Amino acid sequence: MNVVPRPDPATDPDAERWAALLARDARADGTFVYAVRTTGVYCRPSCPSRTARPENVTFHRTCAEAEAAGFRPCRRCRPDAPGLAERRAEAVARACRLIETAETEPSLAALARTAGMSAYHFHRVFKAATGVTPRAYAAAHRAAGLAARLPGAASVTEAIYEAGYGAASRFYAEGAARLGMAPALYRKGGAGLRIRFGIGACSLGAILVAATDRGICAILLGDAPEPLLQDLQDRFPGAEIEGGDPAFEDWMARVIGLVEAPGRGLDLPLDIRGTAFQQRVWEALRRIPVGSTASYAEIARAIGLPAATRAVAQACGANAIAVAIPCHRVVRSDGALSGYRWGVARKRDLLQREAEGFPLCSDPVPT
């Protein structure tokens with residue numbers, strides 16, 4: 001048996017690369033290649049070939065670097081060709097483009113043929129890459145297309161058919177919930193929708209709380225109340241926006257209590273409005289424990305889309321329900337604070353308050 005000694009991480013700067021090589025870790029493919037002096041070839045970390053002895057191995061950042069050093073690519077793992085993960089990502093991207101550009105929804109079999117896979121295997125690969133099935137992706141794309149068409153359409157029915165729904169009944173069966181309101185209301189900027197709101201003050205400045213009949217639809221923070229009200233009006237230009245009644249004061253107090261002591265949680269319903277992707281991100285944010293943080297990359301991995309870090313950041317920026325959907329708990333990979341819709345100073349204040357055990361809260365925080 002060819003026993004290869006494990007390099008000591010304390011003395012070998014390539015110890016992590018060696019660990020990936022010994023584990024034949026496919027996740028390390030594309031991050032480096034290794035070359036073997038005795039064979040004159042270079043390989044991927046996941047190459048199934050017998051592991052060479054450390055004294056015969058050199059590491060290189062790229063294939064070009066290895067070839068410049070006089071090595072040739074391994075014929076077994078073909079490190080100079082696209083990797084399996086890359087090939088699958090390209091196949092999924094082609095399928096997404098086909099779904100988005102087709103007049104009618106392509107069948108699973110047709111998408112699989114385009115990808116060069118069986119229908120069963122393609123279904124698994126697509127879901128692993130996007131987090132949703134091909135059918136769910138197509139449904140989300142149609143719903144997004146409908147949302148874009150509704151404001152300028154002559155009628156709701158016209159927009160439904162132009163978005164790719166074969167029948168209006170199909171939209172009401174699978175797409176209505178994605179709009180967050182009836183399509184006629186969406187088309188009219190929320191016309192006919194009743195939104196109550198209240199404006200107050202908290203330790204972070206001005207705060208606006210707004211709610212529909214379904215629940216809280218906005219918690220906005222700022223330096224002055226006027227811009228917050230304008231923001232709400234811009235979101236629902238056709239809605240009936242009115243000051244909260246006396247009963248709404250209780251909702252205001254409970255939301256302000258959440259801002260002052262996030263560990264208490266919020267026992268009020270939320271009316272969360274966003275795309276399917278945004279809602280997946282926001283749900284992941286709500287699972288971050290109080291007093292903890294997560295990076296944008298970690299959230300992307302949590303929703304099954306490790307390459308969607310930038311899109312995750314955009315979804316955090318689109319969140320209109322501060323603190324209850326805790327986008328303030330998302331930081332950069334190096335732990336540094338990044339942008340926050342309501343100001344980095346407020347983000348720092350919230351995180352510090354959570355880390356210190358909610359100093360403004362006089363009651364015990366439930367665990």
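Taking the DSSP bridge list for the stretch 198-284 and keeping only pairs wholly inside it, about 90 percent are antiparallel. The dipole here belongs to the stretch 180-339: it is taken about the Cα centre, uses +1 on the Cβ of Lys and Arg and -1 on the Cβ of Asp and Glu, and is about 700 debye.
Rounded to the nearest 20, the size of the Cβ-charge dipole of the stretch 48-103 about its Cα centre is 360 debye, with Lys and Arg at +1 and Asp and Glu at -1. Once you have a ≥ b ≥ c as the square roots of the Cα gyration tensor eigenvalues for the stretch 59-109, tell me rounded if a/c is under 1.5, and otherwise prolate or oblate according to whether a/b is larger than b/c. It comes out prolate by the Cα gyration axes.
Under 5 Å between amide hydrogens, built in the peptide plane, is the criterion, and for L270 it picks out I216 among residues at least 5 positions away or on other chains. Phi angles across the stretch 61-69 convert, under the Karplus curve 6.51 cos²θ - 1.76 cosθ + 1.60 with θ = phi - 60°, into 3J(HN,Hα) values of 5, 9, 4, 4, 5, 5, 5, 5, 8 Hz, Gly and Pro given as x.
All other residues whose Cβ lies under 14 angstrom from that of A302 are scored, Lys and Arg at +1 and Asp and Glu at -1, for a net of +3.
FYI, it's all coordinate maths here, none of it is from the lab. Just so you know, these numbers come straight off a predicted model, no measurement behind them. So basically every Cβ, Gly included, is an ideal-geometry build from the backbone, and we count neighbours across all protein chains shown.
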